[in-house]
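This report concerns only the one structure given below.
Each value in this text was obtained by applying a stated rule to the coordinates, not by laboratory testing. This is a predicted model, so every value here is computed, not measured. All Cβ positions, even for glycine, are placed from backbone atoms using ideal geometry, and neighbour counts span all protein chains on display.
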Amino acid sequence: MIADFFKRLTAADNQPLTETDARLAIAALLVRAARTDGDYAPSEIDRIDRILAARYGLSPDEAAALRSDAEDAEANAPDTVRFTREIKDGVPYDQRIGVIEALWQVVLVDGERADPENALLRMTASLLGVTDVESAEARQRVAKSV
């Protein structure tokens with residue numbers, strides 16, 4: 001599955017992501033955000049599972065399975081730019097802001113914001129076409145609920 005995903009992700013014909021591919025790309029970005037500070041904490045894993053379950057209507061087991069696939073995809077990902085380009089092309093703008101909110105949830109759940117996490121979110125927001133102001137507003141909304 002992961003190999004096929006990367007073939008589609010890196011194909012020269014620029015086919016849009018399928019819904020399944022978009023889910024995996026978003027989940028892999030969530031995992032990348034959690035791993036960016038070098039501490040892939042249980043609270044971050046739990047938050048990713050909860051985000052995936054809520055976003056896609058998955059059972060806890062289905063969300064954990066998607067996260068597991070995303071962990072493999074993230075570990076073998078060519079780069080963040082390719083993921084975000086495909087998400088930008090395949091996910092409507094209002095849902096991309098939701099992706100940024102989900103990323104902030106993962107980053108903020110452990111109570112710390114490391115510089116690499118801030119840098120990843122700044123780059124990811126920009127690549128998804130979300131402004132710094134919109135990302136900051138998303139972070140503020142998330143911070144109130146975390």
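Determine, for each peptide in 80-86, 112-118, the mean count of other beta carbons within 10 angstrom over its residues, then list the peptides with the highest first.
80-86, 112-118
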(request) Treat region 37-105 as a sphere of radius equal to its Kirkwood radius over Cα pairs and apply Stokes-Einstein at 25 °C in a medium of 0.890 mPa s; give the translational diffusion coefficient in µm²/s, rounded to a whole number. (result) 188 µm²/s
(request) Put one equal scatterer on each alpha carbon of the chain, apply the Debye formula with no solvent term, and list log10 I(q)/I(0) at q = 0.16, 0.20 1/Å to two decimals. (result) -0.79, -1.29
(message) Residue by residue through region 48-54, what is 3J(HN,Hα) from phi via Karplus (6.51 cos²θ - 1.76 cosθ + 1.60, θ = phi - 60°)? Round to whole Hz and write x for glycine and proline.
(response) 4, 4, 5, 4, 5, 4, 5
(request) State, to one decimal in nm, how far the label point of residue 89 lies from the label point of residue 68, with both points 7 Å from Cα in the Cβ direction. (result) 3.1 nm
